[in-house]
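Here the structure is laid out as structure tokens; the discussion comes afterwards.
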Amino acid sequence: MDEPTHKAGVAAYQRGVELYRKGEFADALPCFYDTVEASPEFYRGFAFLALCLGKLGKVDEAITANERCLEIEPGYHKAINNLGECWRRKLDMTRAAEFFAEAVRLRPAALDYQGNLALTYLDIRRPDKAIDPLRAAWELDRGNYDWASRLAECLYQMGDVAAATEVMETFMKDNRDHIQWPEMEARLKLLKRRQETPERNLAEDDA
């Protein structure tokens, strides 16, 4: 159901969204509880309830609300991504990655989803898995140095020095006035200097 069916649910939802967008999460929370009580098949009500609970640190309750949202609307990508964020906060990175991967499958052009997936793979030390979402995030945000440098580092760790070098050279070519130009230049020199020692990574070289 895309809209609340009960007038009380409509009013509560509208008020809850208004408060949520102002950052008044504690005041928004009872509005969303009223929303889902009045319209128990309104999946967006559960999605906002989950977001609000998460903002208030009630992660387990947020998971339950997200799961109820997905029972009603199984392909709702925002709830799937939010579940990934919940499990990430609980430090279950493997489960978080599963949800982020599904969110990416449903919305590959969503920068936040690609970034969430990439960072989660980096947290569990899987540079091989991080490469694809990092590349996608960089393609979506070509001026972002963090995506480019992390992608280059993962490629380097996987032994593809030529690809890592190409990423940094491309970024420098496309972002000549970037504030981090000196760091980019230094990293590019390190890449070229370390071509014969693939067991090292850029982070080690920077230390």
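Which of the residues that make up region 138-185 are buried (at least 17 other Cβ atoms within 10 Å of the Cβ) and out of contact with any helix residue (DSSP H, G or I) (no Cβ under 8 Å at 6 or more places or on another chain)?
none
Within region 121-151, work out how many residues are touching a Lys or Arg at 6+ places or on another chain (Cβ under 7 Å) and assigned by TED's automatic domain parsing to the domain that holds H178.
2
I'm checking my understanding of the structure. Among residues of region 5-50 that are among the β-branched types (V, I, T) and crowded, with 19+ Cβ neighbours inside 10 Å, which one is nearest to I80 (Cα to Cα)?
Ranking the qualifying residues of region 5-50, first place goes to V36.
The values are calculated or read from the model by the stated rules, or taken from the named source; none is laboratory data. Keep in mind that this is a model prediction, so the values were computed, not measured. Positions of Cβ are backbone-derived with ideal geometry, glycine not excepted, and every protein chain shown enters the neighbour counts.
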